[in-house]
Amino acid sequence: MKLVFPGSFDPITIGHIEIIERAVDLADQLYIVVENNLRKKYLFTQEQRLKMVKEATADFANVQADTYDGLTVSYCKKVGAKFILRGLRSSADYLYERDIAAFNRELAQIETLFLFSGNKYAHVSSSAVRELLKYDACIQNYVPKKICGIINEIKKNKF
Ligand code: ADP
């Protein structure tokens, strides 16, 4: 089974990694797609976000990371995947995800599979990490260790 895991990953967090670790056992191939959502303003560029995702997932043999600017379902068609993967943290995620999943099913008969976040990381989000970065607080416990160096490098030029 091919699974496409789309998201902003601005930046990738240990919450994302927890979902990825579980998904690699379910999928033959997991495609992580770093998207540009028109409604979002990003802290990191798409290329920087992709670099961090690649670094953080380099040890997973069946994970491939990519960028894409079109609809997620178009990316699914491109790679021949029938399923999208999303994580669910809270009831707030649920209604948003339910609508997007319905669109994707109508548009392209692509089903969305959901994994609930483990209790340990349900509170972790990229937006919280961005907030911590803004105030120069420690982010070590919330992002994969491997990307702390990249973030610090980018931070030097950005903040
Ligand atoms: P998007 O802008 O598409 O929501 P995100 O990078 O914020 O992109 O999230 C991508 C996916 O990862 C979403 O399905 C989101 O619910 C999931 N996710 C993010 N953080 C967590 C977490 N802590 N636990 C489980 N899933 C998460």
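In the stretch 113-128, is there at least one residue being more than 19 Å from THR45 (Cβ to Cβ), free of Cβ contacts under 8 Å to residues at least 12 places away in the same chain and over 19 Å from the mean Cα position of the chain (by Cα)?
Checking the stretch 113-128: not a single residue is more than 19 Å from THR45 (Cβ to Cβ), free of Cβ contacts under 8 Å to residues at least 12 places away in the same chain and over 19 Å from the mean Cα position of the chain (by Cα).
Listed here are the residues, each with its yes/no results for (1) closer than 19 Å to VAL129 by Cβ; (2) more than 9 Å from the ligand (Cβ to nearest atom); (3) surrounded by 18 or more Cβ atoms within 10 Å (Cβ to Cβ).
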{"residue": "PHE9", "(1), (2), (3)": "yes, no, yes"}
{"residue": "HIS16", "(1), (2), (3)": "yes, no, yes"}
{"residue": "ARG22", "(1), (2), (3)": "no, yes, no"}
{"residue": "LEU26", "(1), (2), (3)": "no, yes, no"}
{"residue": "LEU30", "(1), (2), (3)": "no, yes, yes"}
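Look at ASP93 and say whether it is at positive phi and of a type in the set (Asp, Glu).
no
Which of the residues spanning the stretch 66-101 are open to solvent by less than 30 Å² (accessible area, probe 1.4 Å), more than 8 Å from the ligand (Cβ to nearest atom) and without any contact (Cβ under 8 Å) to a residue 40 or more places away in the chain?
Hits for the stretch 66-101 are VAL73, ALA101.
Any residue that is hydrophobic (A, V, I, L, M, F, W, C), open to solvent by 40 Å² or more (accessible area, probe 1.4 Å), farther than 19 Å from LYS78 by Cβ and without any contact (Cβ under 8 Å) to a residue 60 or more places away in the chain - is there at least one of those in the stretch 40-59?
no
Out of (1) at pLDDT 95 or above; (2) under 15 Å from the mean Cα position of the chain (by Cα); (3) of a type in the set (Lys, Arg), the odd one out for ARG98 is which?
(2)
Among the listed residues ILE151, ILE147, identify the single one that is of a type in the set (A, V, I, L, M), crowded, with 16+ Cβ neighbours inside 10 Å and out of contact with any Lys or Arg (no Cβ under 9 Å at 6 or more places or on another chain).
On the way: ILE147 fails: out of contact with any Lys or Arg (no Cβ under 9 Å at 6 or more places or on another chain).
Going through ILE151, ILE147 in turn, the sole match is ILE151.
The values are calculated or read from the model by the stated rules, or taken from the named source; none is laboratory data. Values in this document were obtained by computation on a predicted structure and should not be read as measured data. Neighbour counts run over all protein chains shown; Cβ positions are idealised from the backbone, glycine included. Each accessible area value is taken on the protein alone, full model and side chains, heavy atoms only, with ligands, DNA and RNA left out. Shrake-Rupley method; radii C 1.70, N 1.55, O 1.52, S 1.80 Å.
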